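The next block holds one structure in the form of structure tokens; read it before the comments.
No lab work stands behind these numbers, since they all come straight from the coordinates. Quantities reported herein were computed from a predicted structural model and do not represent experimental measurements. Please note: Cβ atoms are built from the backbone with ideal geometry, for glycine as well, and neighbour counts cover all protein chains shown.
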């Protein structure tokens, strides 16, 4: 019972929505749209569970004065501040909520994103070593593309920009296609195994 | 010497970070610029605009982008507007992306002030026009229908510059500045159907999408990413329309130096690696 | 220097994030927790406004009583707090999973298989311009070989020996060239982001860049 | 007053400027195929006057009676001959259509009305026949191999990087440091996430066996609930339910860069011996992998996010690429049926290669795109 009900649900819904794809009629569209809306509604409840998890995790730290519990307090107060700002002050362009978003949250998001620039450099420096034939190919191709994108490349050799573009469009395309085939087949097979209940690890301990 | 070289194998990553900061900041702060190799597509666009009679028919610039891609596309708009205003070419501005509305206005009014150009006689800005391809079709039939009044609420008939502008036949070039696939739509609905000349300014990431159209001539020119903007800045300086290059050229130098830095880091890393390996083998 | 306190806040928080590059430190820790906290608060408001209101509150107001089905099912998530009944939590999960898996199959067939098969196949338009560097026959054959070799690397039923070894390692060569190119190509986009941040710090905050 | 003047002016000019507008001909309205019964497609032959520069397109009009009144639906520009009316609200109700040619100077010429036509819904999308065929073939092959797997063990080659999963747990135990496990950013319905959860189940068992701490910071609320159960089950199955700690699986945030910032901090502070990055990732992949590399951890990544593979390859010790991630999850489970599925995938690969080669030869020999066109979608 504990396992069979969820497995039956997955089977019925799975089969239904494979078939639904091929049926354009009105009832079929209604079923699809309803399911989509219900799935969104379910997400709201899952969010509550997630919130419960994070509140517990951090309040425990604070209560037990465990480790650096002060930061947990920062975390929870920031979350509370943002949520209250949104619910009380509204979310219009001039609201406090939007100010917090624009001048606190968003700058940190873009800074975190910009850190990638540093990590590109450190990853390239550390990993692009001509240890093996494959690693050498990786390195040379990155080299050519980087040169092709800047004026220096064209100064060294006029064809560099075209070559770098070609590398992106031809060999890169071929390898991505090959990988995508595997992903597509694997995804079809895994979805099928989930629907048939062969892949049932998601049931956990039940 | 060997010892020093082998140290290159394991440099502290913080040194790498410091070097990145330096090569990015110096060109930005000290205004260091390098000469660019100008791509053919950018050159084509420049020549197109440069061939237009001063005081004659206007070009249409469509601000089809959102703030997220503004760092790449704003400098393009600025450079092209400077070119037009310096030469006395009239400009029609509009946009198909709601958030591009204010961006276009800010740029066009700033640059027009630099050249003392007047709204209504030297340029007209119509702001965001909802409807996407429908707007393009309307322009092909009757510009007045597509752009009934400008951004500031002045009606079409009260804009002296728009007198005699009926459809694409009277607009020698349409330039779409876009972060997404708007140029594609322009090609389909204004280019193919009404034989309008279309050019685009796009982000570096989107550029490869448009190479086929450049090849077939469906796009008469293109600025691709920060590099395209920097190339255009260089072209207008070379032609004597402006005195100094602008933000895109600085950013492009920073990008160039950072690429060179990464290439050098890889080379140093490999030297260090081979030296270390040789020392270990001995 | 800017006189706007909001700009100051944005600038100082940006610097706090960047300070992690030197090493983990109290400033970063503070910024990190503030950051994740704000995003959680943001998520709560966003979930309420974009999911709860249109998909739960409005249907209730419009007396579309079928909405009680997902509400009841959603409530089952709360059985997590009742150990004996907690297995009921699997029901909403099963619904999301079943819907997603069923929906996915034909889409994967179209996007990942059919479209790619078409992209790999030589077609008659390629015969017209044999030497075209992007769309010609010769390049088409190169892409065909590259793709098939890459597929062969992902062949799990045999050891990579003999002919399979040759094609699989050719495939890996293509993969490595492709990855290198992607890496190199992405550098520019990431550097542009960093330049954008620097411009904010040195233009909007400290007026150093003109 | 102004309007009045305009009107008088128009009346005066009209006879001079009138084009003698010709109406469009050969009007045809049909029920749009393969839809849910909300659309009718109208086609016509352009008006003979559609060459004059003063010609101004067409108005498409609809009525429930042949004699009218007709209501305008939309305007189509010069040179068009096709309009899809997507505003049908009732199926099997008869409609009549007509198309009116317009000129700049205000005159118009209506075509003959056409009809009656009613919208109906289709129960099978004939445009998707090829997709259906492909779906059935791929499903059938997979099922056949799963069936075969029931009868005996099938051979699967070793997957590089998989042994590392087992080793990693041992290493963490020796070092007395925790293991960090990330499940990616995608929801539960994505295949990569399911595979990542499977591997988590395996890792959880191993860590319970060796009593190694496991840290699972999560991003998606639903994935979070499942991950928690998986880890709990891992401890239970090793007979050590006491080892499960509530706060080892915890929700961080579902903001991409917020998650990356938090994970960077966690890795710098807890210094895990091994980091697992399984599932689907976006730009934050390199932030995670580089922050992890700085702490000296062994890093094992597995993703089907093709765009992020180059970054995992450069900064992780082992990377399971694309399908290898799914294969790893099947392999580690040692479940014969899952391994059977993998065999089916291999058979499908051969089929795809055969199709590609066949289509290519067909194009080369017969100069025809018949096979190529079979794979048209959408």
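Here are a few things to note about the model shown:
- Region D:291-365 and region D:177-191 have Cα centres spaced 17 Å apart.
- Cα gyration tensor shape for chain D, rounded if a/c is under 1.5, else prolate or oblate: prolate
- Remark: A:26, C:33 ranked as A:26, C:33, counting other beta-carbon atoms within 10 Å and listing the fewest first.
- Antiparallel beta bridges, as assigned by DSSP with both residues in the protein assembly as shown, represent about 40 percent of the total such bridges.
- The packing ranking, built from the mean of other Cβ atoms within 10 Å per residue, places the peptides D:361-370, D:74-83 in the order D:74-83, D:361-370, highest first.
- Cα-based helix-to-principal-axis angle, D:2-17 vs chain D, degrees rounded to 10: 70
- Mean-position separation - Cα centroids, region B:34-71 and region C:6-70, in angstrom: 40
- Rounded if a/c under 1.5, otherwise prolate or oblate - region D:154-334, Cα gyration tensor axes: rounded
- Rel. contact order, % - alpha carbon contacts under 8 angstrom, at least six apart, region D:34-86: 46
- For region D:296-378, the fraction of alpha-carbon pairs in successive 5 Å shells from zero, as %: 3, 13, 13, 13, 14, 14, 12, 10, 5, 2, 1, 0
- By the count of neighbouring beta-carbon atoms within 10 Å, fewest first, B:50, D:304 end up ordered B:50, D:304.
- Relative contact order %, chain A, counting alpha carbon pairs below 8 Å whose residues are six or more apart: 19
- Label-point gap, in nm, between residue B:133 and residue B:267 - each point 7 angstrom along Cα→Cβ: 5.0
- Number of partner chain Cβ atoms within 10 Å, mean per residue of D:137-146: 4
- From helices alone, the protein assembly as shown scores -18500 deg cm²/dmol at 222 nm; the rule is -39500 (n - 2.57) for each run of n ≥ 4 DSSP H residues, then divide by the residue total.
- Length-normalised contact order for chain C - Cα pairs under 8 Å, 6+ apart - percent: 16
- Inter-label distance for residue A:84 and residue D:104, nm, one decimal - labels placed 7 Å from Cα along Cα-to-Cβ: 6.5
- Neighbouring partner chain Cβ atoms per residue of D:332-345, average, 10 Å criterion: 4
- Gaussian network model of chain B, springs between alpha carbon atoms under 10 Å - residue of B:76, B:206, B:252 with greatest fluctuation: B:206
- Peptides ranked, highest mean first, by Cβ atoms within 10 Å: ranges D:123-132, A:130-139, B:176-185: B:176-185, A:130-139, D:123-132
- The angle between the Cα long axis of helix B:70-87 and the longest principal axis of the Cα atoms of chain B comes to about 50 degrees, rounded to the nearest 10.
- Most simply put, chain B has about 5% antiparallel DSSP beta bridges, counting only bridges with both residues inside it.
- Normalised by residue count, chain C yields a Cα convex hull volume of 329 Å³ per residue.
- Global form of chain B, assessed from the alpha-carbon gyration tensor, a/c cut-off 1.5: prolate
- Average beta-carbon neighbours from other chains, 10 Å sphere, peptide B:209-217: 1
- Set the Cα radius of gyration of chain A against 2.2 N^0.38 Å, with N its number of residues, and you get 1.56.
- Residues D:290, D:246, arranged from fewest to most other Cβ atoms within 10 angstrom of their Cβ, appear as D:246, D:290.
- Helix B:40-50 vs. chain B, principal-axis angle (Cα, 0 to 90°, nearest 10): 30
- DSSP beta bridges in chain D [antiparallel fraction, %, rounded to 5]: 60
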